[in-house]
Structure formats: C-alpha cells, structure tokens
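Reading through the structure tokens given below for one structure.
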Ligand SMILES: Nc1ncnc2c1ncn2[C@@H]1O[C@H](COP(=O)(O)OP(=O)(O)OP(=O)(O)O)[C@@H](O)[C@H]1O
C-alpha cells in the first residue's frame, strides 16, 4: 500500500481543486480520469484511500468499488452529483465509507478523507444484492441530500431508526426507503399508526390474539409483528403510544419474543423497527408520557425530515412530479405549469408540508381546464402574488425588447399599462367612464385624456 490518495474523476476541474486541497492538507495525491487507469495502476500499487466519481463516460465507478472491496482495498469515498436514495445506497452497499454530494465544499471533502483515513480499521458495509428500484422520495435540496445520505448509510444495518419531522414531511416514505434499501426488501413492510388505533385495541393490533382472548375474538389473528416477520415494522406517531403498551413494546424489543393476547406460545420475532413522531420525544419523556428507555431503544439512529419551508428549492420538482403522477394515475391528459403558475406554487406556504403541496397539485391536475396550469387556476391569489406575476411578464418583455435594441421602451410600457388598466376598469364597469375612473383612483379627465383615441362605447 502507498500513502497516496487516489482521485478518480473524468472532470479535470474537480480533480485539480480536490488534489490541491488534499496536498495543502499534507497528503500525497495521484489523479486518474478513467476506471481503466486505476485498474492498471492497481497492478503495481494500492491507494491509502480512493475518492471516486460514480457516473463517468465508459465504465462507472460502482463496479470498481465492488472489485476493491473484494480485494480488501480501501477505504473508498464516493463523490456524485446524484444524491438520490438508490445511488447513495448503492455506493454504501458497494463498500463506500462516505458519500460527498457534488458540488461539495473542499474543507468538507478534506475532512471526510481525514476521517476515513483515521478509521481504516472500521469494516465496510457488506455488499448486498443489486440496486433496488427508485423511490418516490424526491428532493435535491441540501437537507434532503443529507436525508438520502443517512438512509443510504443505515439502510443495510438492522439498527432501529427514529424518523422525526412535522406532519406531512414524508416520514413514512423514509421508512419505506429504509426497507427497500435493506436486505429485508423482499419481506413485508408493515405500517401501523399508533395514534389512529384506540388504545384498548392496540395491543392485539401489535401482537395479535388467540381465539377467545376477549369478547368478539372468534379466531386467532396475527398482529403486525407477525405480519412483518423478517421485514420492517413502521410505527407511526409513536409518541402517542399509551405507557402500558410502551412497557410491553420495550420488553419485546429487548427480548425479541412475545405472546399473542390470550396466548401461551412464545413467538420469536425478527423485525426491524422504524418509528416516527412529529412530537419532541425527549419532552414527552420529561413530561412523564414516554419511557426514556424505550426512546433510547428506538432512537438509535435519527433521521430528521426538514419542514418544506426549510427546503423550498424542492417545491418545483415536487410540484411537477405530483402533477404528472396524478395525471397518469387518473388517466388524464398530461398538464404542465405556466411559468407564472409554478412561481405561485413555489411561493405559497405549506403548513401541512409535502402532503399539502401534493393535495394542491392533485386538485390542479383535476380542475384546471387547459393543458397548461395558469395562475387563475390557483384560486385565492393574493394581490402581491398577482402583482408578482405580471411584473415578471413585464420584466421578460423589457429584457427582450432591450436585447432587440428597441427604443422608447418606457413610453411604450406606460402606454400599454394605462390602456390595460383603463380597459379592464371599463370592462368591469360596463363602459361607464366615471365609475371606471373612480375605481382606478384617477380623475375622469385623466381617464378621458389617457384613453385618447381608443375606442369606448360611451362616456
Ligand atoms: N420527498 C418527497 N417526495 C415525494 N413525495 C413525498 C415526499 N415527502 C412526502 N411525500 C408525499 O407526501 C405525503 C405525506 O408523506 P408521509 O405520509 O410520508 O408523511 P408523514 O411525515 O409520515 O406524515 P404524518 O406525520 O402526517 O404521518 C405522501 O403522499 C408522500 O408520498
């Protein structure tokens, strides 16, 4: 093994800046522009660490990762602009110890290299089966990339995960992604909303019951734990679980076995638990409503989903996705957003987070009459929003006119503005000049003057 850091990237610029930063940090660096070049070099030497891009012309980086892992060469850090769950998880499965989302901060890259070098003794994640299909969990913003990175990092392990975040932020989708990216993906994913089940039924819902266990229990029923055997059990709104059941759940998690309600047969279970809450569990613990020991058992890895307002840059992507998905699902002709409508969608507030945005887009897919969604389809526009939309159009017009070298833009724009306002007011007031002038807040004479030669029905 050499002490060299090898950088594999087809982008010369990336190689250059990265190599400089690493050399500045006192490390020896060697650069490669293709997988083949690394393979050739491996015949004579081994890197102390490899930093590699994933998608490159010719062979991609992931195949190489598998080979390195098989030969015990590493650690490897993957750099990629593709931070979707599938790519990230595939990189970790192929043995990467870290994942840098491009564009990355150079200090962050150097720190990742130093971290990886310091923990060379740490075993890498074992290689798993081929790449799972993509998930509906979308996002390009920095906080979502971090979520994907975490999912990729912990999916393959059996660690319990606590997903936190406001309602509608996608906690269940994260739980599904963890399942899909794990070796359990061919086994069931079972979800249970703890808050939606009356507490007296929750125990039997979780652990099942025997015939005759209680009034109405005519036959044996398997609970969610049994249904999820070998797979993943998603416990939503865990913060609302009654204390008595928390105690029971804790015992099951600790011992890995349980009895059905009214049963005598001890059932062993192999289930990965992903729990979710929109509440502050630690505060629930302080308030005496949640068991601290259960919290620690569930909260081994925490994945926090930011509210949609903290990742507004994801809104257009999500909005387009929901519009297309709804059209496809309901077999409607495809629709698209006009620029102004998409801007309005992106500017709105969504206290209900992604779910609220999804509902809005579904409504638009169904109710908007044309193939293009217009601002008017969004209904309750605020004045500010309406204003924003026409000034945008004006800005575009002006930019184009200026680019075309047109003269007298200001005078023409003013004339057009006046005419547009006056005509709109006259239309609303059925051609009555006095009322139109009043409504606009201009004098009647001004209005007559401005109208000039333009046609009006009466005065
Ligand atoms: N990042 C995302 N990409 C695509 N769809 C998303 C995303 N986040 C959420 N959704 C969609 O928004 C809706 C709400 O998501 P989900 O049910 O996972 O939220 P939640 O946080 O579990 O909500 P609650 O706390 O109310 O149970 C779902 O229809 C889901 O498909």
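The values are calculated or read from the model by the stated rules, or taken from the named source; none is laboratory data. Bear in mind that the values here come from a model prediction, so they are computed numbers and not experimental data. Cβ placement follows ideal geometry from the backbone for every residue including glycine, while neighbour counts extend to all protein chains displayed.
Brief remarks follow.
- Scanning region 183-198 for residues that are in contact with a helix residue (DSSP H, G or I) (Cβ under 8 Å, 6 or more places away or on another chain) and within 13 Å of the ligand (Cβ to nearest atom) gives 189, 191, 192, 194, 195.
- Put simply, of 35, 29, 17, 76 the only residue that is within 30 Å of residue 136 (Cβ to Cβ) and in contact with a helix residue (DSSP H, G or I) (Cβ under 8 Å, 6 or more places away or on another chain) is 76.
- Test: residue in region 240-261 that is within 16 Å of the ligand (Cβ to nearest atom) and under 30 Å from residue 144 (Cβ atoms): yes
- When region 201-213 is limited to residues that are assigned to a helix (DSSP H, G or I) and under 30 Å from residue 156 (Cβ atoms), the one that is farthest from the ligand (Cβ to nearest atom) turns out to be 207.
- From the list 180, 146, the one residue that fits, being surrounded by fewer than 19 Cβ atoms within 10 Å (Cβ to Cβ), within 16 Å of the ligand (Cβ to nearest atom) and either in contact (Cβ under 8 Å) with a residue 12 or more places away in the chain or closer than 30 Å to residue 108 by Cα (or both), is 146.
- Among the criteria (1) under 16 Å from residue 269 (Cβ atoms); (2) free of Cβ contacts under 8 Å to residues at least 12 places away in the same chain, the one residue 218 does not fulfil is (1).
- Residue check for residue 345: within 16 Å of the ligand (Cβ to nearest atom), in contact with a strand residue (DSSP E or B) (Cβ under 9 Å, 6 or more places away or on another chain), modelled with pLDDT of 90 or more and outside the structural domain of residue 167 (by TED's automatic domain parsing): yes
- Restricting attention to region 98-119, the residues being in contact (Cβ under 8 Å) with a residue 12 or more places away in the chain and touching a strand residue (DSSP E or B) at 6+ places or on another chain (Cβ under 8 Å) number 12.
- Residue-level check: of (1) outside any helix (DSSP H, G or I); (2) surrounded by fewer than 19 Cβ atoms within 10 Å (Cβ to Cβ); (3) touching a strand residue (DSSP E or B) at 6+ places or on another chain (Cβ under 6 Å), residue 23 misses just (1).
- Scan region 348-367 for residues that are outside any helix (DSSP H, G or I) and within 15 Å of the ligand (Cβ to nearest atom) and the total you get is 3.
- Residue identified as surrounded by fewer than 23 Cβ atoms within 10 Å (Cβ to Cβ) and within 14 Å of the ligand (Cβ to nearest atom) among 216, 170, 165: 165
- Any chance residue 277 is within 14 Å of the ligand (Cβ to nearest atom) and assigned by TED's automatic domain parsing to the domain that holds residue 203: yes
- When the test is whether a residue is farther than 30 Å from residue 349 by Cα, modelled with pLDDT of 70 or more and not in a helix (DSSP H, G or I), residue 430 passes it.
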